[in-house]
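Please read the structure below before turning to the comments.
Derivation of every value follows stated rules applied to the coordinates shown; laboratory data play no part. Keep in mind that what you see is a predicted model, and the values were worked out from it rather than measured. Note that we place each Cβ from the backbone using ideal geometry, even for glycine, and neighbour counts take in every protein chain shown.
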């Protein structure tokens, strides 16, 4: 599919669009260069702007691009759906709840899919404790032990190693920087090229310990259709809607 539809909503009403790029490099000659001299393809530009925003692309550094550039390897299949919030729609591959925006992207080759989940805060959160970001697997599984969760903010770039892994999903606890602004959390991992992945980001509405933030399993119908909290974590997260993508 050579044509693309983009969500351009500037009101609260939803404008839903489906963005599937069958093969990276479909627009072979068009490239974009940002303020730091990073040159990317049309496909890469469109995906980065959709997930992170135009300002992020304009000022993206080599370190920031290195985290995601393998998504755009030649021959891979890219997929992403997007919509803006509407009360009667709760799932897609992009969900915006007014304070933050979550997106899931797939880049699939013949032997595995790279999955990237991005969470961009539109406002600065008041509560700074252990949020969680992760994914539930449906008829797929991890393809590699390599998985990364990154926290970007005005304070710089940090990585979370606070993982919880079960047979049907993975999650990472993210301790939000106390005074930082412009928060972006993203997570990258690899799965088998079958089934579907459901992703979620849950914000703690009160202070929690790391141990409490990891009191969850993964299941259908739970927070974001991913996190089933229990114990000290029960009723402590804000139940933001999740996203999903078929591989």
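Between the C-alpha center of the range 98-118 and that of the range 153-175 there is a gap of 15 Å.
Taken along its three principal axes, the alpha carbon spread of the range 126-210 comes to 41, 24, 17 Å, from the longest extent down to the shortest. With both labels modelled 7 Å from their Cα along Cα-to-Cβ, the residue 126 to residue 54 distance reads 3.2 nm. Each residue, residue 73 and residue 111, gets one label point 7 Å from its Cα in the Cβ direction; the gap between the two is 0.8 nm. Label zone (residue 232, point 7 Å along Cα-to-C-beta; backbone nitrogen cut-off 16 Å) within the range 178-204: 204. Sequence-distant contacts, meaning Cα pairs under 8 Å at least 6 residues apart, place the relative contact order of the range 17-246 at 19 percent. Neighbour counts of C-beta atoms inside 10 Å place 77, 209 in the sequence 209, 77, starting with the fewest. Counting every other Cβ atom within 10 Å of each residue's Cβ, 243, 49, 146 order from fewest to most as 146, 49, 243. Taking other C-beta atoms within 10 angstrom as a stand-in for reagent exposure, 147, 236 fall in the order 147, 236, fewest first. In this simple spin-label model, placing a label point 7 Å from the Cα along the Cα-to-Cβ direction at both residue 138 and residue 165 gives a separation of 2.4 nm. Size check on the range 17-246: the Cα extents along the three principal axes, sorted descending, read 54, 39, 37 Å. One chain, two ends: residue 36 and residue 158. Fully extended at 0.36 nm per residue, the span grows by 41.8 nm beyond their Cα-Cα distance.
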